[in-house]
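The values are calculated or read from the model by the stated rules, or taken from the named source; none is laboratory data. Keep in mind it's a predicted model, so treat the numbers as computed, not measured. Cβ: placed from backbone, ideal geometry, glycine included. Neighbour counts: every protein chain shown.
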Amino acid sequence: MIQPLTEEQRFQLVPGPEGLIETQQLAVSIGPQHPSTHGVFRMDCVLDGEVVVKLRPVMGYLHRNHEQLAEKMAWLGSMPYTDRLDYLNSMANNWAYALAVEKLAGIKVPERAEYIRVIMAELTRLLNHASVIGFMLQDLGAWGTPLLYAFREREKILDLFECVSGSRMMCNYFRFGGLRVDMDEKALGMARDVVAKFPKFLDEFEQLLTENEVVLARCQKVGILPKELAINGSITGPMARASGVEYDVRKVDKYGVYGRFDFRVPVGAVGDVYDRYMIRVLEMREAIKILQQALRDIPAGPHVAPEVKVRNFKVPEGDGYARTESPKGELGFYLVSDKTGKQPYRYHVRPPSFINLTTLEDMCLGHKVADVVIILGSVDIVLGEVDR
Amino acid sequence: MGLLGKGLFAGMAVTARNFIGSYFDGGRKERLFTYQYPEEKMPLPENSRTFPFLVCDDEQDPVGTMRCVACKICETECPPQCIYIVMDRDEKGKPQQRPKVFDIDISVCMQCQICVEVCPFDAIKMDCDYEKSQHGRFDELVEHLPDLLKSNAYYNRIKPTEASAVDARLKAAQEKKAKKAVPAAKAEGPAPAAS
Amino acid sequence: MEQLYQLLHGWFANAPDAVLRTVAIVVPILLIITVFPGVFAYITLIERKALGRIQNRIGPNRVGPWGILQPIADGLKLLTKEDIVPRRADKFVHFLAPVIAVVPAIVLFAVLPVGPGLVPVDLPIGILFAFAVSTASVLALFMGGWASRNKFSLLGAMRAVAQVVSYEVPMVLAAVAVVMAAGTLSTVGIMHKQAGGFLNIAHWYIFQPWGFVGFVLFVIGAMAESARTPFDIPEAESEIIAGYHTEYSGFKFALFQMGEYLASMAMAGITVTMFLGGYNGPGVGWKYIGPLIGVGYFFAKLLSIIFVIIWIRGTWPRIRVDQLMAFAWKVLLPMSILNIVAVAIAHYMESKFWAWIVTAVLLFVAAVILSKIGSPQNVERRTYRYAA
């Protein structure tokens with residue numbers, strides 16, 4: 001039987017500096033039930049006064065066996081389960097999985113479907129970044145106001161998703177070779193409406209927060225992630241770009257039709273919490289540019305490759321890895337198909353939140369308890385992805 | 001602290017604008033996006049989906065005119081395995097093209113719509129009713145065949161474009177089958193008349 | 001109370017003295033106990049509705065028309081909840097902490113002049129009494145945190161004591177400036193000094209430069225005393241889940257909330273008395289409806305200050321503990337000492353007009369210099385570059 005860890009093994013009190021006063025360290029578990037850990041996530045901390053001396057993240061409270069389930073179902077059957085990986089951005093996860101299967105099976109996706117995929121992914125990026133900034137400010141202590149403003153905009157995009165795919169969050173919209181249904185003119189009009197109104201909301205949001213002295217004082221020089229550590233720890237996404245790593249999968253791989261759009265990738269210098277917040281705001285503005293170009297250039301055509309069957313879909317033998325720039329980082333799927341080809345032999349997800357969380361201790365040492373919560377908020381985790 | 005807290009007051013101006021704007025919103029749901037729920041329900045778009053239901057062509061005889069033939073394709077393809085079908089057999093054990101038992105456990109169903117996509121007979125479609133809470137957790141949340149059968153008129157009412165497309169396709173298929181049957185009947189026709 | 005005794009003596013000249021004195025004491029007590037908690041209950045409703053409107057939603061509106069019966073529903077709910085005490089907690093201290101939180105706040109109302117002749121006790125040392133009593137509520141925070149035997153509560157209690165004690169100092173010094181200008185410690189006396197002038201408004205101390213700075217300092221101190229955002233470290237929900245009142249449920253929790261709101265109301269009342277002229281305003285001297293108008297003015301000013309406090313709560317995030325202390329000791333304390341110097345200058349200069357100009361310039365320059373020195377050293381404006 002596996003024995004649970006004892007108190008000493010869990011906390012590992014670190015000897016403090018010598019001094020005139022003898023102090024005692026406080027071992028606290030910022031535990032699974034907490035208003036600000038973004039889900040069921042535990043951190044075992046050792047505090048010296050208010051300063052964090054040691055921190056150990058404990059994950060696994062939301063493990064749902066996603067990878068093993070996919071090995072028992074047909075290829076299409078695990079598409080709804082990928083919605084529930086990063087449950088706030090379901091379209092991004094769908095795309096990564098569809099891309100992996102299309103790479104293995106060699107399916108070509110028609111143009112209109114590619115443009116709609118880009119539109120959906122960038123809308124997802126908008127709603128993710130707005131929500132993350134809202135949640136980070138909620139952790140900072142602004143009682144709900146920025147969060148509810150962000151959710152007001154998110155609602156418009158979710159209504160658009162409901163119009164197109166039938167469901168607000170668990171969309172299940174992407175299929176191998178294209179999309180499930182086409183996006184009609186009414187939905188495109190709604191998308192144009194959202195894109196037209198979003199910059200005004202961003203300006204209001206920035207006025208509320210970017211120059212705010214309290215936000216500046218609390219977020220700058222807190223939770224610095226050095227560039228070498230980011231590269232060595234495989235950090236991707238806005239967190240890496242805030243530390244100065246110039247890497248964006250959309251520019252490197254140019255998957256889909258991203259090669260045709262003109263957009264820039266913002267890069268930060270210091271790598272603290274404030275940089276991550278500002279990089280996300282700038283990425284939202286770039287996403288609006290991509291959306292405007294996509295909505296302008298979208299061609300007519302079929303929305304799914306005609307040779308793909310819905311039932312009895314077989315994938316030739318082989319293995320492959322495909323990745324996309326999901327709003328949280330690089331989301332990758334590694335699939336292995338065996339001789340029968342009816343279901344995956346091995347299915348593995350590379351979740352960005354999980355990999356980004358491994359540097360949490362290095363970022364938090366030397367800061368105070370209040371900062372730990374903000375640093376966790378800026379890493380932008382979703383427990384569905386961390387624990388799968 | 002900035003120049004005497006300039007950024008702080010800019011933030012307060014934004015909040016004040018939202019506060020005053022919420023009184024003068026006029027139903028546009030820009031500055032006050034509350035729907036008073038039981039009295040005022042949010043209008044759902046046509047495509048929204050919640051749980052599946054079975055389509056029958058005529059409301060007066062639901063069991064006789066249902067489109068489902070108990071082929072069990074949806075049961076096989078359902079990812080969380082929430083559908084349970086038993087085919088109807090008559091007294092001699094010959095299978096009828098009808099389900100005797102068709103259960104969907106809505107506490108398991110994840111509303112993925114794969115059953116609708118794979119059905120070859122347009123028999124199962126997605127409903128948009130979301131007020132389905134019951135007082136128990138297990139047996140009360142399993143929907144059986146009589147509850148699942150709803151008429152084509154209802155389907156046309158909740159999803160007009162999709163239902164009219166389905167109706168057009170079914171009618172075209174039926175006409176093609178009738179046209180193929182007519183030359184066969186004509187081919188047989190003169191022979192009996194001749195004798 | 002004195003005036004009530006005189007009034008009763010006039011009406012019932014032949015009644016025994018002890019009875020009249022008892023009635024003259026009991027009636028104001030009953031009035032304070034019913035009126036101010038009633039106002040507190042409706043201030044909670046106003047706060048919820050105002051925060052709701054700021055966040056683009058309606059506050060409570062189901063319990064009565066416009067949610068009027070909501071405080072009663074909340075009170076009933078908290079009364080009928082199970083009273084949970086942790087098993088190893090210190091029961092006596094755990095029981096006593098909410099009581100100590102509430103009693104000083106109610107006692108403070110005894111020196112507030114609500115209307116002409118309507119002060120319960122006209123103490124010659126009113127302001128001193130007010131500050132002495134309000135400081136006693138610090139004990140309640142610490143008792144609540146210690147008795148709960150919970151590490152998070154203890155953290156909250158430590159921070160609460162540090163915060164309240166540090167913000168007492170600039171608050172009291174700002175009040176000292178007013179006392180110097182008025183020449184008396186009695187609340188009624190300070191308020192009478194602000195009567196007269198154009199429409200009974202012109203002599204309010206807030207219109208003097210030292211009065212304005214004192215007002216700002218006092219309101220900041222009042223927000224910190226009653227632990228309201230941006231100073232709500234003791235009960236910072238996102239870090240230490242409610243701090244010193246985590247382990248309280250039912251009516252004890254209601255008493256803590258009542259203590260917090262009553263303290264902020266009482267402090268707002270003292271602000272009104274010292275800086276905004278108490279119940280002075282046009283029409284207070286009229287014969288029969290003068291007192292009613294005075295009471296109306298007092299409550300209108302009180303509610304407007306409370307509305308500003310609620311507005312600030314809905315907008316700004318909270319400050320971290322060490323930044324909070326730095327702000328109190330490095331910025332507010334020098335400012336309050338300079339304020340006292342400014343009052344002295346204004347008192348001894350002959351020309352009132354030049355006194356106004358000189359003190360205004362002095363305080364403005366001091367504020368600018370202190371805000372530059374006292375701000376955290378690492379705050380900067382940043383620009384971001386874009387990758388290729």
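When residues in region C:312-323 are screened for being in a helix (DSSP H, G or I) and more than 15 Å from the chain's Cα centre (by Cα), 5 of them pass. Residues of region B:50-102 that are in contact with a helix residue (DSSP H, G or I) (Cβ under 6 Å, 6 or more places away or on another chain), assigned to a loop (DSSP other than H, G, I, E, B) and free of Cβ contacts under 8 Å to residues at least 40 places away in the same chain: B:C78, B:P79.
In region C:340-353, is there at least one residue being within 14 Å of chain A (Cβ to nearest Cβ), assigned to a helix (DSSP H, G or I) and either farther than 22 Å from A:G49 by Cα or not basic (K, R) (or both)? Taking every residue of region C:340-353 in turn, none turns out to be within 14 Å of chain A (Cβ to nearest Cβ), assigned to a helix (DSSP H, G or I) and either farther than 22 Å from A:G49 by Cα or not basic (K, R) (or both). Could you please find all residues in region A:3-36 being of a type in the set (S, T, N, Q), at pLDDT below 75 and not in a loop (DSSP other than H, G, I, E, B)? Matches in region A:3-36: A:Q9 only. Considering every residue within region A:250-261, establish whether at least one is under 15 Å from the mean Cα position of the chain (by Cα) and either free of Cβ contacts under 8 Å to residues at least 24 places away in the same chain or surrounded by fewer than 24 Cβ atoms within 10 Å (Cβ to Cβ) (or both). Scanning region A:250-261, I find at least one residue that is under 15 Å from the mean Cα position of the chain (by Cα) and either free of Cβ contacts under 8 Å to residues at least 24 places away in the same chain or surrounded by fewer than 24 Cβ atoms within 10 Å (Cβ to Cβ) (or both), so the answer is yes.
Candidates in region A:215-236 are the residues that are within 14 Å of chain B (Cβ to nearest Cβ) and touching a residue at least 12 places away in the same chain (Cβ under 8 Å); of these, the one that is surrounded by the most Cβ atoms within 10 Å (Cβ to Cβ) is A:C219. Counting residues in region C:305-314 that are closer than 30 Å to A:D139 by Cα and at pLDDT below 85 gives one or more.
Checking C:L324, C:L302, C:L333, C:L362 one by one, the residue that is in contact (Cβ under 8 Å) with a residue 24 or more places away in the chain, away from every other protein chain (no Cβ under 14 Å) and closer than 30 Å to A:H367 by Cβ is C:L333 and no other.
Conditions tested, residue by residue: (1) in a helix (DSSP H, G or I); (2) aromatic (F, W, Y); (3) within 17 Å of the chain's Cα centre (by Cα).
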| site | (1), (2), (3) |
| --- | --- |
| A:A92 | yes, no, yes |
| A:V101 | yes, no, no |
| A:I107 | no, no, no |
| A:I116 | yes, no, no |
| A:N128 | yes, no, yes |
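Before we move on, is A:L104 more than 14 Å from chain C (Cβ to nearest Cβ) and in contact with a Leu (Cβ under 7 Å, 6 or more places away or on another chain)? Yes; evaluated as a whole, the condition is true for this residue.
Residue selection: C:K287 satisfies the criterion of being of a type in the set (D, E, K, R) and more than 19 Å from C:I33 (Cβ to Cβ). Candidates C:A50, C:A73, C:A41: the one that is in a helix (DSSP H, G or I), touching a residue at least 40 places away in the same chain (Cβ under 8 Å) and surrounded by 14 or more Cβ atoms within 10 Å (Cβ to Cβ) is C:A50. When the residues of region B:95-126 are filtered to those that are of a type in the set (D, E) and over 19 Å from B:D139 (Cα atoms), the one that is nearest to the other protein chains (Cβ to nearest Cβ) is B:E117.
Table: residues versus (1) within 14 Å of chain B (Cβ to nearest Cβ); (2) surrounded by 21 or more Cβ atoms within 10 Å (Cβ to Cβ); (3) of a type in the set (D, E).
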| position | (1), (2), (3) |
| --- | --- |
| A:D184 | yes, no, yes |
| A:D193 | yes, no, yes |
| A:A196 | yes, no, no |
| A:N212 | yes, yes, no |
| A:M239 | no, yes, no |
| A:P266 | no, yes, no |
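If you go through region A:209-237 and keep only what is within 21 Å of A:K328 (Cα to Cα), touching a Pro at 6+ places or on another chain (Cβ under 9 Å) and not polar (S, T, N, Q), you end up with A:I235, A:G237.
When A:H367 is tested against (1) more than 21 Å from the chain's Cα centre (by Cα); (2) more than 30 Å from C:R318 (Cα to Cα), exactly one condition is not met: (2). Number of residues in region B:35-49 that are without any contact (Cβ under 8 Å) to a residue 12 or more places away in the chain and surrounded by 15 or more Cβ atoms within 10 Å (Cβ to Cβ) equals 1.
Quick check on my filter: what residues within region A:303-320 are over 30 Å from B:P120 (Cα atoms) and out of contact with any helix residue (DSSP H, G or I) (no Cβ under 7 Å at 6 or more places or on another chain)?
Within region A:303-320, just A:D319 meets the criteria.
Counting only helices (runs of 4 or more DSSP H) that sit completely within region B:114-172, zero hold 2 or more residues that are crowded, with 16+ Cβ neighbours inside 10 Å and of a type in the set (D, E, K, R). Residue check: A:I235 meets all listed conditions (1) in contact with a Leu (Cβ under 8 Å, 6 or more places away or on another chain); (2) modelled with pLDDT of 85 or more; (3) within 25 Å of A:K289 (Cβ to Cβ) but one, namely (3).
Screening C:V164, C:V169 for residues that are in a helix (DSSP H, G or I), buried (at least 22 other Cβ atoms within 10 Å of the Cβ) and at pLDDT 85 or above leaves exactly one candidate, C:V164. Filtering C:T246, C:T273 for residues that are of a type in the set (S, T, N, Q) and either more than 30 Å from C:D74 (Cα to Cα) or more than 14 Å from chain A (Cβ to nearest Cβ) (or both) leaves a single hit, C:T273. Of all residues in region C:324-356, those being exposed (fewer than 12 other Cβ atoms within 10 Å of the Cβ) and not charged (D, E, K, R) number 4. Listed conditions (1) within 14 Å of chain C (Cβ to nearest Cβ); (2) touching a Phe, Trp or Tyr at 6+ places or on another chain (Cβ under 9 Å); (3) surrounded by fewer than 24 Cβ atoms within 10 Å (Cβ to Cβ) are all met by A:S378, apart from (3).
For A:R168, work out the one condition from (1) away from chain B (no Cβ under 14 Å); (2) part of a loop (DSSP other than H, G, I, E, B); (3) free of Cβ contacts under 8 Å to residues at least 12 places away in the same chain it doesn't fulfil. The one condition A:R168 does not meet is (1). Within region C:7-51, the set of residues being more than 23 Å from the chain's Cα centre (by Cα) and among the small types (G, A, S) comprises C:G10, C:A13, C:A15, C:A18, C:A24. Do we have any residue at all in region A:54-64 that's in contact (Cβ under 8 Å) with a residue 24 or more places away in the chain, aromatic (F, W, Y) and more than 14 Å from chain B (Cβ to nearest Cβ)? Yes. Does C:Y288 count as buried (at least 24 other Cβ atoms within 10 Å of the Cβ) and aromatic (F, W, Y)? Spelling it out, it is not the case that C:Y288 is buried (at least 24 other Cβ atoms within 10 Å of the Cβ) and aromatic (F, W, Y). When the criteria are applied in full, A:K314 fails the requirement of being of a type in the set (K, R), modelled with pLDDT under 90 and more than 28 Å from A:G77 (Cβ to Cβ).
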